[in-house]
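Below is one structure; the comments refer to it alone.
The values are calculated or read from the model by the stated rules, or taken from the named source; none is laboratory data. What you see is a predicted model; the values in this text were computed from it and never measured. Counting neighbours? That spans all protein chains shown, and the Cβs are built from the backbone with ideal geometry, glycine included. These area figures cover heavy atoms from the full protein model, side chains too; ligands, DNA and RNA do not enter into them. Shrake-Rupley method; radii C 1.70, N 1.55, O 1.52, S 1.80 Å.
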Amino acid sequence: MEVYLFYIVATIAVCTGVYLIFEKNPVFSALYLIQTMVCIAVLYILLEAQFIAAVQMIVYAGAIMVLFLFVIMLLNLNIGQEKKDALPYQKIPAILIGIALFAVLCIVLKSKLLQGKQGEYTTAYINNVGNTKLLGNLLFTDYLLPFEITSVLLFVAAIGAIMLAKRKI
Amino acid sequence: MITITHYLVLSAILFTLGVIGVLIRRNAIVIFMCVELMLNAVNLSFVAFAHYLNSMQGQLFVFFTMTVAAAEAAVGLAIIVALFRNKETVNIDDMNIMKW
C-alpha cells in the first residue's frame, strides 16, 4: 500500500515539476508548484513527520504560494512576454547540464558515502511520545539559540520587505 | 519496500528540475519558484535521512529551512515588485544595469 502511494505521489510530483518549468503562464506555474508541495507533504506523512507535513501545507502551500500568486496578479504580466528570448541557444546546454548534475547526484547516492550513525529516536519511541512534542522539546532545549535567532531573521525580513515596497527607494 | 534511496532519487530529480528551471526561464518570478522547488527537494532528503537514521535533527533543520524560505520569499518578492516599478518588466534579460 505504502509502496503504491509512494510511486503515485512521486510521479505526480515529478510531472508537476516538469510542468512548472515549461509552463508559459506564471499563474499556472505557481499552481503546479502548489501541487508539488502537496505531494511532498504526503511524502512527509509517509516518513512519519506529521508536524513537518502540516507546516509544509500551512506555510509553503498556504502562505508563501499565496504571496507568489498575489505578486503575479499584482504585476499584471503579459503571457507572451517571454517570446523575445535573448539567449535561445541556452536551453539545450542547460538541460544537458541538468542531466549531468543528476548523474553526479546519482553517483554520490550509489557510493557508500551516505552512511550515518543510528540515532535514539526510533519510530516506536516517536509514536509513543508524539512527533510534535519531541520537536518542541528539542526546539526549546538544544536548539534554543537558533530558534531565537530565527525570530530576529523574520523581524529583519519584515522590515526589509516594508522598506523595499515603499514608493521611493 | 521503500528504502531511503527512493526518497533521495526523487529529491535529486526535483532538485535537478529546479536547476534546469533556473537556467532556462527568463521570468524572475518563475525563477524564484524554481528556487523554492530546490529548497523543497533538499527538505525532502532531510526528512528521509531523519526517518531512516532514527533521528530528529533532520526535521528540526527542515523547520529552520522553512523559516528562512519564508523570509527569502518576502524579501525576494518585494525586490521583484520594486524592480517592476522601475523597469516595467520582470524579464531578467532586461535587468543588466550592473553588467558594465
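Is there a simple number for the mean count of other chain Cβ atoms within 10 Å of the Cβ of residues in A:146-155, and what is it?
The mean count of partner-chain Cβ atoms within 10 Å per residue comes to 3.
Per-residue counts of other Cβ atoms within 10 Å, averaged by peptide: what ranking do you get for B:75-81, A:67-73, highest first?
On the way: B:75-81: 19.7, A:67-73: 18.1.
Ranking, from highest mean packing down: B:75-81, A:67-73.
How many partner chain Cβ atoms sit within 10 Å of a residue's Cβ in peptide B:39-52, on average, as a whole number?
Working: counts 1, 10, 4, 0, 7, 7, 3, 2, 10, 5, 3, 7, 8, 3.
What the average comes to for B:39-52 is 5.
Which residue, A:Asn131, A:Asn25, A:Asn76, has the most motion in a Gaussian network model of chain A that connects Cα atoms within less than 10 Å?
Result for chain A, Cα springs under 10 Å: A:Asn76 fluctuates most.
Under the classification rounded if a/c is under 1.5, otherwise prolate if a/b is larger than b/c and oblate if not, where does the range A:87-157 fall, given a ≥ b ≥ c as square roots of the Cα gyration tensor eigenvalues?
Values: a/c = 3.45, a/b = 1.58, b/c = 2.19.
Oblate shape, in that a/c is at least 1.5 and b/c is the bigger or equal ratio.
Per residue of chain A, what 222 nm ellipticity follows from adding -39500 (n - 2.57) for every DSSP H run with n ≥ 4, rounded to the nearest 500?
On the way: 8 runs with 117 residues, N = 169.
Rounded to the nearest 500, the figure is -22500 deg cm²/dmol.
Inside 10 Å of the C-beta atoms of A:60-68, what's the mean count of C-beta atoms belonging to other chains?
Working: counts 8, 0, 0, 3, 9, 3, 0, 5, 9.
Mean inter-chain Cβ contacts per residue within 10 Å come to 4.
Calculated from DSSP H runs of 4 or more alone, at -39500 (n - 2.57) each and per residue, what is the 222 nm mean residue ellipticity of chain B, nearest 500?
Values: 3 runs with 77 residues, N = 100.
Only helices count here, giving -27500 deg cm²/dmol.
What is the percent carbon and sulfur in the accessible area of chain A, measuring with a 1.4 Å probe over the protein chains and ignoring ligands?
Details: 7630 of 10640 Å².
Carbon plus sulfur share of accessible area: 72 percent.
Which shape class applies to the range A:1-61: rounded if a/c is under 1.5, otherwise prolate when a/b exceeds b/c and oblate if not, where a ≥ b ≥ c are the square roots of the Cα gyration tensor eigenvalues? Each step should come with its number before you reach the end.
Values: a/c = 4.29, a/b = 1.46, b/c = 2.93.
Oblate, because a/c is 1.5 or more while a/b does not exceed b/c.
With charges set only on the Cβ (+1 for Lys and Arg, -1 for Asp and Glu), what does the dipole of the range A:15-169 come to about its Cα centre, in debye to the nearest 20?
520
Report the accessible area of A:Val66, computed with a 1.4 Å probe over the heavy atoms of all protein chains in place, in Å² rounded to the nearest 10.
Solvent-accessible area, nearest 10 Å²: 90 Å².
Any idea how far the Cα center of the range B:10-35 sits from the one of the range B:40-89, in Å?
14
Please compute one quarter of the surface area of the Cα convex hull for the protein assembly as shown and express it in square nanometres. Kindly include the intermediate steps, with their values, before the conclusion.
Working: hull surface 63.5 nm².
If you wrap the Cα atoms of the protein assembly as shown in a convex hull and average its projections, you get 15.9 nm².
Sort the range B:4-89 into rounded, prolate or oblate with this rule: let a ≥ b ≥ c be the square roots of the eigenvalues of the Cα gyration tensor; rounded if a/c is under 1.5, and if a/c is not under 1.5, prolate when a/b is larger than b/c, oblate otherwise. Spell out each step's value before the answer.
Numbers: a/c = 7.19, a/b = 1.86, b/c = 3.87.
Since a/c reaches 1.5 but b/c is at least a/b, the shape of the range B:4-89 is classed as oblate.
About its Cα centre, how strong a charge dipole does the protein assembly as shown have in debye, to the nearest 20, once Lys and Arg get +1 and Asp and Glu get -1 at the Cβ? Don't skip to the answer; put the middle values down first.
Working: 16 positive and 13 negative charges, 145 e Å.
Rounded to the nearest 20 debye, it is 700 debye.
Report D for the range A:1-157 in µm² per second (integer): Stokes-Einstein, Kirkwood Rh on Cα pairs, 37 °C, 0.692 mPa s. Intermediate results must be reported in sequence, preceding the final value.
Numbers: Rh = 19.5 Å.
Translational D for this selection: 168 µm²/s.
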